[in-house]
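Read the figures in this text as sums done on the coordinates, not as results from a lab. Fair warning: this is a prediction, and the values are worked out from it, not measured in the lab. Here the Cβ positions follow ideal geometry from the backbone for every residue, glycine too, while neighbour counts run over all protein chains shown.
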Amino acid sequence: MNVEDIVEAIRALECDLPKDVENKLLLAKEKEEGLSRMIMEAILENVKYARENKIPICQDTGIIEFFVSCEEKFSEIRKMIIEGIKRATEEVPLRKNTVNPFTRENQGENLGRFHPILHFENSNEAKIDILAKGAGSENVSCLSMLDPTCGIEGIKKLVIQTVKNAGRRPCPPIVVGVGVGGTMEKAIYFAKRALLRELNSKNPDLNLRELEEELLKEINKLGIGPMGFGGKTTALGVLIEWGHCHTASLPVAVNIQCWALRRRTIILR
């Protein structure tokens, strides 16, 4: 792998949706009618136009996160990712999104203190998963430290209420990543990691698979619909990731993703 591979992966990430996401959008279009169907048609036309013209799908190119799975060479990979972001910012191009939270100063390279955002896992998979998150969906996501007595019903209530509160703001139809367990920060990581799964994949845990399906049905009953104009499709999928947690806590993160679920994978060789 080299810097060019990273730049091209970011370009593909920003300019073309994964097939599983586009297929879900196509299926959603067929369920809608009237204004909601027109909106879905416009979304799909946007996807096609961006792909054919090699331009970003959305003007908010997001903050890009990297999930690196490998056994070594962390520092070398980090250097290549930094250089790749610098180049992609100019060449794709990416909107210059990272600012100092206090002064709002923008250093112009989509980098900065504790950027790029890298998650390293010691693994023999040898790959990099890339996820772009825009502010519209990120801003309506949430973390809650539930009382363990809330149990599964508490988790369901939190997920549905978060989507309901978000309404049209995250540009539905959305994908909902749910992280359960770990610690505060780990639950958020789980929720984002869940978004790396393909939308047509089945959770290996049967109970969680049923929970994902139940939550998807309940969310789509809310009637928020495409871009908040009402309809049958508020969400394309619900994806759950989890880890063991402290006996006295139940961390739950709900990370909402807009219809433009932008992700790519680089296989390390």
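Give me the percent relative contact order of the chain, please, defined on Cα pairs under 8 angstrom at least 6 residues apart.
On the way: 532 pairs, mean separation 72.6, N = 269.
Reported relative contact order: 27 percent.
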Notebook entry, point to check: Once you mark the chymotrypsin sites (Phe, Trp or Tyr not before Pro) that are in a DSSP loop and have at most 14 other Cβ atoms within 10 Å, what is the longest gap between them in the chain?
Noted result: 115-269
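For Glu214 and Lys48, FRET efficiency with R0 = 35 Å and r from the beta-carbon atoms, rounded to 0.05? Walk me through the numbers before you get to the answer.
Working: r = 33 Å, r/R0 = 0.95.
With R0 = 35 Å, the Cβ-Cβ based efficiency is 0.60.
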Margin query: Taking the alpha-carbon distance from Lys232 and a cut-off under 13 Å, which aspartates and glutamates remain once sequence neighbours fewer than 8 residues away in the same chain are dropped?
Written below: Glu30, Glu32, Glu33, Glu218
Check: Which of Glu198, Glu153, Glu218 moves most in a GNM of the chain, Cα contacts under 10 Å?
Finding: Glu153
Checklist line | the chain: most fluctuating residue of Ile57, Ile174, Ile77 per GNM, C-alpha cutoff 10 Å | finding: Ile77
Next item on the list: Could you pull out every one of the aspartates and glutamates with an alpha carbon less than 20 Å from that of Lys73, ignoring same-chain neighbours closer than 8 positions?
Entry: Glu4, Asp5, Glu65, Glu83, Glu121, Glu125, Asp129
Margin query: Can you tell me which of Pro204, Pro170, Pro226 moves the most in a GNM of the chain? Springs connect C-alpha atoms under 10 Å apart.
Written below: Pro204
Margin query: If I compute Cα extents along the principal axes in Å from the structure I just sent, which labelled value in (1) 64, 58, 34; (2) 59, 43, 31; (3) 49, 45, 40 lines up?
Written below: (3)
Check: Of Leu146, Leu27, Asn220, whose Cα points farthest to the positive end of the dipole of the chain (charges on the beta-carbon: +1 Lys, Arg; -1 Asp, Glu; origin at the Cα centre)?
Finding: Asn220
Notebook entry, point to check: What is the calculated FRET efficiency for Ile267 to Arg37, with r their C-beta to C-beta distance and R₀ = 45 Å, to the nearest 0.05?
Noted result: 0.75
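How would you classify region 105-194 from its alpha-carbon gyration tensor, with a ≥ b ≥ c the square roots of the eigenvalues: rounded for a/c under 1.5, else prolate if a/b is greater than b/c, otherwise oblate?
Working: a/c = 2.01, a/b = 1.31, b/c = 1.53.
In terms of gyration-tensor shape, oblate.
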Item checked: Sites Lys19 and Cys150, calculated FRET efficiency, Cβ-Cβ separation with R0 35 Å, nearest 0.05 -> 0.40
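Take the alpha carbon gyration tensor of region 1-158, find the square roots of its eigenvalues, order them as a ≥ b ≥ c, and report rounded if a/c is under 1.5; if not, report prolate when a/b exceeds b/c, else oblate.
Values: a/c = 1.58, a/b = 1.16, b/c = 1.37.
In terms of gyration-tensor shape, oblate.
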Item checked: Estimated 222 nm signal from helices in the chain, with DSSP H stretches of n ≥ 4 weighted -39500 (n - 2.57), rounded to 500 -> -13000 deg cm²/dmol
